[in-house]
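The values are calculated or read from the model by the stated rules, or taken from the named source; none is laboratory data. Model, not experiment: these values are computed from the prediction. Neighbour counts are summed over all protein chains in view; Cβ atoms, including those assigned to glycine, are modelled from backbone coordinates with ideal geometry. Only protein heavy atoms, including side chains, enter the accessible area calculation; ligands, DNA and RNA are left aside. Shrake-Rupley method; radii C 1.70, N 1.55, O 1.52, S 1.80 Å.
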Amino acid sequence: MAKKISAKGLQLLKKFEGCRLTAYWDVNGYSIGYGHHAKDITKGMTIDQKAADEFLKKDVAKFEKAVNALKYDFNQNQFDALVDFAYNCGAGNLLKLTANNTRSIQQISYKIPAYCKAGGVRLMGLVRRRNAEQELFNTPIEE
């Protein structure tokens, strides 16, 4: 059965993405809400919190699918960390992180912090996010 992001994973994602109800420019064009990108988002566009949450739900589903497509049997914390990673870095970088499903769980964990650059520049915000993802990834599930 396909996993879904937990409340803990969603909390991590929301913390690092932040929510902006007015469209803003980023490297991929205009975004709104929790980093939602679409061609119809324009300068000055506004949405309410309900719309931001709906965009987030739809966007997260794409990355849940990408993590579920990997060959691993991730626990919930590992899954949540990788959904956040993919949301921020993209599904292509998720495949690179796992070396196309060839790395071990330990190797994946070790590699997470390497993805902390934007435009070749190491950004402290990305360092903090990768460290938080790695910490969650390595947190055992309490039974």
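Within the stretch 25-55, the residues that satisfy the criterion of being open to solvent by less than 60 Å² (accessible area, probe 1.4 Å), farther than 26 Å from N68 by Cβ and either touching a strand residue (DSSP E or B) at 6+ places or on another chain (Cβ under 6 Å) or part of a loop (DSSP other than H, G, I, E, B) (or both) are I32, I41, G44, M45, I47. Please specify each residue of the stretch 65-90 satisfying the condition of being closer than 23 Å to N28 by Cα, crowded, with 16+ Cβ neighbours inside 10 Å and either acidic (D, E) or without any contact (Cβ under 8 Å) to a residue 40 or more places away in the chain (or both). The answer is A66, D84, A86, C89.
For the residues R103, R128, the requirement of being open to solvent by 20 Å² or more (accessible area, probe 1.4 Å) and part of a helix (DSSP H, G or I) singles out R128. Within the stretch 112-143, the only residue that satisfies the criterion of being acidic (D, E) and either over 17 Å from F79 (Cα atoms) or touching a residue at least 60 places away in the same chain (Cβ under 8 Å) (or both) is E133.
Checking the structure you have, find out if any residue of the stretch 106-121 is open to solvent by less than 60 Å² (accessible area, probe 1.4 Å), touching a Cys at 6+ places or on another chain (Cβ under 9 Å) and within 22 Å of K15 (Cα to Cα). Among the residues of the stretch 106-121, at least one is open to solvent by less than 60 Å² (accessible area, probe 1.4 Å), touching a Cys at 6+ places or on another chain (Cβ under 9 Å) and within 22 Å of K15 (Cα to Cα), which makes the answer yes.
Per the conditions (1) over 15 Å from the mean Cα position of the chain (by Cα); (2) open to solvent by less than 50 Å² (accessible area, probe 1.4 Å), the sole criterion not satisfied by T22 is (2). Can you confirm whether K62 is modelled with pLDDT of 95 or more, open to solvent by 70 Å² or more (accessible area, probe 1.4 Å) and not hydroxyl-bearing (S, T, Y)? Criteria met by K62. Mind checking whether some residue in the stretch 79-98 is out of contact with any Leu (no Cβ under 9 Å at 6 or more places or on another chain), part of a loop (DSSP other than H, G, I, E, B) and more than 21 Å from C19 (Cα to Cα)? Scanning the stretch 79-98, I find no residue that is out of contact with any Leu (no Cβ under 9 Å at 6 or more places or on another chain), part of a loop (DSSP other than H, G, I, E, B) and more than 21 Å from C19 (Cα to Cα), so the answer is no.
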